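FYI, it's all coordinate maths here, none of it is from the lab. Small disclaimer: the values here were computed from a predicted structure and weren't measured. Cβ placement follows ideal geometry from the backbone for every residue including glycine, while neighbour counts extend to all protein chains displayed.
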Amino acid sequence: MGNQAALQITDLDVHYKDFQALWNVSLEVKEKKIVSIIGANGAGKSTLLNTISGLLTPSQGTIKFLGERIDGLPPHETVPRGITLVPEGRRIFPRLTVYENLVMGSYTPRTRPKRDEAMSKLYELFPVLKARHSQMGNTLSGGEQQMLALGRAMMSDPKLILCDEISLGLAPVVIKSIYRRLEQINRDGITIVLVEQDVKRSLRAAYWAYIMLEGKMVLEGEPSSLSEEEVKKAYFGI
Ligand SMILES: Nc1ncnc2c1ncn2[C@@H]1O[C@H](COP(=O)(O)OP(=O)(O)O)[C@@H](O)[C@H]1O
Ligand SMILES: [Mg+2]
């Protein structure tokens with residue numbers, strides 16, 4: 001069971017009007033695993049995650065989640081299926097409290113009745129959010145805001161979390177603590193896709209890595225099998 005594919009993407013093309021941002025992208029993520037996608041700024045990482053979550057529609061190719069086609073489904077149909085995006089730049093609600101931000105994460109008919117239970121579980125995982133539950137989002141530090149973004153994603157009771165540059169702009173000690181939470185979430189059975197520019201940390205957490213360059217997948221493998229040289233070449237295209 002653990003080897004079943006949670007996510008299966010085949011030959012995906014995505015355009016912004018005339019500009020083609022993804023070219024023939026394929027990838028597979030096994031259930032309950034962590035996969036890393038790395039690539040320089042502009043490689044197409046956010047485009048890929050936004051297409052999986054349904055913010056963008058592919059012009060070609062298929063996306064299957066737990067065996068079902070989901071390409072072209074909007075977020076209000078992918079979220080109830082268990083797919084949640086932690087967007088680049090956090091996008092928390094600055095003028096809502098921590099509690100209210102978290103409530104916004106559990107708006108589907110499936111999760112709403114279990115909100116209080118989910119909230120207590122979440123506060124155990126993120127004691128800092130509990131301590132700050134009545135504070136406005138914009139009074140939190142960068143790291144706390146990122147925890148809140150991740151916590152809000154957890155409130156939708158996801159099976160798959162897509163994290164877009166979760167460590168961007170944070171101090172190493174904060175990044176470490178966020179990655180510890182991610183690994184704990186993964187141990188509880190949630191599949192995770194990490195998109196990062198920071199190569200080292202995300203490779204360490206993953207069982208499989210993909211490297212993107214200019215809208216294409218250029219290299220993949222077990223992180224331990226990829227040489228630093230190979231990764232550098234793929235990442236920079238030199
Ligand atoms: N809304 C948009 N309209 C047009 N082009 C875009 C848009 N968003 C991203 N792009 C372009 O698509 C490519 C991939 O961008 P993106 O997916 O954001 O890369 P990454 O997340 O890896 O930095 C880049 O060339 C970028 O300029
Ligand atoms: Mg991006």
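Odds and ends about this structure:
- Residues Glu196, Glu117, Glu88, ranked from the fewest to the most other C-beta atoms within 10 Å, line up as Glu117, Glu88, Glu196.
- The residues Val98, Val173, Val14, when put in order of fewest to most other Cβ atoms within 10 Å, stand as Val173, Val14, Val98.
- Dipole axis of the chain (+1 Lys, Arg; -1 Asp, Glu on Cβ), positive-most option in Ala118, Pro87, Pro75: Ala118
- The alpha carbon convex hull volume per residue for segment 91-157 rounds to 69 Å³.
- Distance between modelled label sites at Lys176 and Arg115, nm, 7 Å Cα→Cβ extension: 3.7
- Segment 111-158 versus segment 174-196: alpha-carbon centroid distance in Å: 15
- Estimated translational diffusion coefficient (Stokes-Einstein, Kirkwood radius over Cα pairs, 10 °C, 1.306 mPa s) of segment 114-238: 99 µm² per second.
- Projected over every direction and averaged, the convex hull enclosing the alpha-carbon atoms of segment 7-84 yields 5.0 nm².
- Report note on the peptides 175-182, 101-108: ranked by the mean count of other C-beta atoms within 10 Å, highest first, their order is 101-108, 175-182.
- Taking every alpha-carbon pair under 8 Å whose residues sit at least 6 apart, the chain reaches a relative contact order of 27 percent.
- Taken over the chain, the percentage of Cα pairs per 5 Å bin, counting from 0 up to the bin with the maximum distance, is 1, 7, 14, 18, 20, 17, 12, 7, 3, 1, 0.
- Taking 0.36 nm per residue of separation and subtracting the current Cα-Cα distance, fully stretching the chain between Phe19 and Tyr99 would add 24.8 nm.
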